[in-house]
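Here's the structure, in structure tokens; my notes come after.
The values are calculated or read from the model by the stated rules, or taken from the named source; none is laboratory data. Keep in mind the model is a prediction, meaning the values are calculated, not measured. Methodologically, a virtual Cβ is constructed for each residue, glycine included, from the backbone with ideal geometry; neighbour enumeration extends over all protein chains shown.
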Amino acid sequence: MLLEFLAVSLMKRFLAVVFVSASTSAAVVYCLRSQTNPVPTAGVDRVEDIPTMYTGLANQPSPQYIPDFTSAAAKTLDAVVHIKTMAQVRPVAHQPFQDFFFGHPQGQQRSPIQSGSGSGVIIRDDGYIITNNHVVANADQIEVVLNDKRSYVAKLIGADPKTDLAVLKITGDQWTPMSFSNSDEAQVGQWVLAIGNPFNLASTVTAGIVSAKGRNIDIIQENFKIESFIQTDAAVNPGNSGGALVNLNGELVGINTAIASNTGSYAGYSFAIPANLARKVAKDLIEFGNVQRAFMGVNIRDVDQALAQSQNLSRLKGVYVDGVMNGSSAEAGGLEPGDLIIAVDSFNIESTAALQERLGLHRPGDAISLGILRGSRHMRLSIVLKNKLGTTELLTTEHEIDLKFGGQLRKGTLERLRELGISHGVEVKNVAGGLLSHMGLQPGFVITEMNGTAISQPQDMDALLDQSPSRFYIGGFYRKGEKRFYSYP
């Protein structure tokens, strides 16, 4: 009985210590961070009364090893802006031609104005701002609010849905931009801060670590998309999109873009576009109005266990070349189906996301050194990258629009417009397959309207196509003044 009593007494004391230790551990951490004296601990008279298994509490890092986020926050807060957008969802105009083909929606009412909110980062002292494309897509008005509450109307310079990036411009002052880091040097486990405007809470700073790199979460629904996100556990919520992920030096590591969540709010997983890719895309949009994309001309896929076994591959990391296109950069450089791409220049390649990120940093005409594994042989190939047209030329915005429609589109000359007795229009110079060919348009046709909206330049058609990619119609004139309409599909 005596032994039983002693055992029960010891057990009660042991449980009491566990409970007290657990309840005071937060206070210990708080005391370390605030550098104040420890809070007295009820139920424990002396340090030696704490069982040996709990002495880890006394081994917490000393205050000088706790990261200080104040300097990084102070350096970067003024460079992160609050972006507010307004857009009116326009009803389809009543058009007899469109009604005949698509039917006339009944009871249409004027749609309300929709508002949106996000974040952005000042990247140049002359007022250029980078943000996410999905923050400003289809916006009629973009307002930028600075950390000091000054407000400016912003102009959209260019957008790239394939990377979900966009560039804005504000004028009227000299701005303090944020410095870019080399995001290739970001390490899993390093501290980072997420700065933005979640839920319209301006200038919010949260902290976390880099959880992973090269994440492809399949969120961008575009051909030739680039997804190689930096994953972090810094709290990011709706409104943080387009904001900054920074290191403790106050340098931009990435542009916060997405979260993985079952609720729509932060659940521990957020994703940022690497700063190196964001800088290249922004530079292209500012200089050319579009992104200069470089292609090798290959069909590729990630390596898994099944593929490695079927193709007798010696490793599970790398990018497998399924096919090589005729006349491509890859063919000219000697790449063959069955090759395993394991490096680009000095960077190891472990996945298709990593390869796409490396290519996304280049322009047509750039040469890269490709490390491959062909059977058991390690080889280096020199590849000169090309554009979508198969040349090394840098493409203008007009080139991009021509590719989208499948033909050459040019703003109508005054002579041509006067000949037809019209004031605006876009002339079809030639048709080379694609949408124009599918619809039946012929060279010489002058497009004056699309979906009931007047067309003056190819960019007008490009914007309308983005709004209605699946169904639209085009109206205009041939040389003899014959009015024609074409519909898609």
- Query: Which condition breaks for Glu398 when tested against (1) under 24 Å from Gly158 (Cα atoms); (2) at pLDDT 80 or above; (3) not in a strand (DSSP E or B)?
  - Reply: (2)
- Note on the structure: By residue number, the members of the stretch 135-145 that are out of contact with any helix residue (DSSP H, G or I) (no Cβ under 6 Å at 6 or more places or on another chain) and either surrounded by fewer than 16 Cβ atoms within 10 Å (Cβ to Cβ) or over 30 Å from Ser211 (Cα atoms) (or both) are Asn138, Ala139, Asp140, Gln141, Glu143, Val144, Val145
- Selected residue (criterion: farthest from Lys75 (Cα to Cα)) from residues of the stretch 169-183 that are in a loop (DSSP other than H, G, I, E, B), modelled with pLDDT of 95 or more and not β-branched (Val, Ile, Thr): Asn182
- Task: Return the total of residues in the stretch 424-434 being within 33 Å of the chain's Cα centre (by Cα) and surrounded by fewer than 20 Cβ atoms within 10 Å (Cβ to Cβ).
- Result: 3
- Message: Exactly one of these conditions fails for Val246: (1) under 27 Å from Asp466 (Cβ atoms); (2) touching a helix residue (DSSP H, G or I) at 6+ places or on another chain (Cβ under 8 Å); (3) at pLDDT 95 or above. Give me its number.
- Response: (1)
- Query: Does the stretch 314-321 include one or more residues that are in contact with a Pro (Cβ under 7 Å, 6 or more places away or on another chain) and modelled with pLDDT of 95 or more?
  - Reply: yes
- Scanning the stretch 416-458 residue by residue, those acidic (Asp, Glu) and within 14 Å of Gly481 (Cα to Cα) turn out to be Glu419, Glu427
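Yes/no matrix, rows are residues, columns are (1) among the hydroxyl-bearing types (Ser, Thr, Tyr); (2) part of a loop (DSSP other than H, G, I, E, B); (3) out of contact with any helix residue (DSSP H, G or I) (no Cβ under 7 Å at 6 or more places or on another chain):
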residue	(1), (2), (3)
Glu357	no, no, no
Leu373	no, no, yes
Arg380	no, no, yes
Ile383	no, no, no
Lys388	no, yes, no
- Right, Pro469: of a type outside the set (Ser, Thr, Tyr) and under 36 Å from the mean Cα position of the chain (by Cα) or not? yes
- Residues that are aliphatic (A, V, I, L, M), touching a Phe, Trp or Tyr at 6+ places or on another chain (Cβ under 8 Å) and within 15 Å of Val324 (Cα to Cα), drawn from the stretch 381-395: Leu385
- Taking only the stretch 226-264 into account, find how many residues are surrounded by fewer than 18 Cβ atoms within 10 Å (Cβ to Cβ) and over 16 Å from Val205 (Cα atoms). 5
- Task: Would you mind finding the one in Ile219, Ile195 that is within 23 Å of Val136 (Cβ to Cβ) and surrounded by fewer than 19 Cβ atoms within 10 Å (Cβ to Cβ)?
- Result: Ile219
- Among the residues of the stretch 408-423 satisfying the criterion of being over 41 Å from the mean Cα position of the chain (by Cα) and in a loop (DSSP other than H, G, I, E, B), which is surrounded by the most Cβ atoms within 10 Å (Cβ to Cβ)? Ile422
